[in-house]
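A.B. asks: Would you mind keeping the following structure in view while I ask a few things?
Please treat every number below as a calculation from the coordinates, not as lab data. Here the structure is a predicted model, which means the values were calculated and not measured. Note: ideal-geometry Cβ built from the backbone for every residue, glycine included; neighbour counts use all protein chains shown.
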Amino acid sequence: MALKKGENALSVYPARTETPFWEKPLSDLTRAEWERLCDGCGRCCLVKLEDDDTGAIYHTSVACKLLDQQSCRCADYPRRRRYVPDCVRLTLEKLKDIRWLPPTCAYVLRFQGKPLPPWHPLISGDPESVHRAGVSVRGRVEAGEDEVDTDDLPDFIRLWPKRWPKKARY
């Protein structure tokens, strides 16, 4: 198609104005869009301990038995509840009450009305960006849950899963 005098490519082919799905309200996301919002950090797949007296949540460096420590994704996501019955299926309703998700979590950020950070794979276009930014658990898991006795879990309590890595801040 030839442009007429006074026309430019922007006037003939207007810019796409559709809002990216990750900027929509969480309540408007399809199930597939909801799933794609996960950045693949694996922090939610770390074993957490709750103090019965105070309700405080402590994160460990011990991973769920299904966590693939290289990809930081579940090794059998569709059937995970078969092997890990207490694995949480995150929904908008549950998100309102869950206190243990990391502050870097896309679900938490969008629930708070914040944008996704530049290292999020939906923004960067690169699934490795979450690892390069130091947000994921890659290289930080000290044991799998089948390797640690329950009584020894307090020895693996770490602060980093609940913090923003310095190089990931925006």
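A.B. asks: Which count do you get for residues in the range 25-55 that are at positive phi and either loosely packed, with under 15 Cβ neighbours inside 10 Å or of a type in the set (Phe, Trp, Tyr) (or both)?
C.D. replies: Residues of the range 25-55 at positive phi: 40, 42, 55.
After this cut, where a residue has to be either loosely packed, with under 15 Cβ neighbours inside 10 Å or of a type in the set (Phe, Trp, Tyr) (or both) as well, the list is 55.
The total comes to 1.
A.B. asks: Taking the options 118, 127, 103, name whichever one is assigned to a loop (DSSP other than H, G, I, E, B) and either among the aromatic types (Phe, Trp, Tyr) or touching a Lys or Arg at 6+ places or on another chain (Cβ under 8 Å) (or both).
C.D. replies: On the way: 118 fails: either among the aromatic types (Phe, Trp, Tyr) or touching a Lys or Arg at 6+ places or on another chain (Cβ under 8 Å) (or both); 127 fails: either among the aromatic types (Phe, Trp, Tyr) or touching a Lys or Arg at 6+ places or on another chain (Cβ under 8 Å) (or both).
Going through 118, 127, 103 in turn, the sole match is 103.
A.B. asks: Which residue, of 58, 83, is crowded, with 18+ Cβ neighbours inside 10 Å, in contact with a Leu (Cβ under 8 Å, 6 or more places away or on another chain) and not hydrophobic (A, V, I, L, M, F, W, C)? Outline the logic, then answer.
C.D. replies: Numbers: 83 fails: crowded, with 18+ Cβ neighbours inside 10 Å.
Criteria check complete, one pass: 58.
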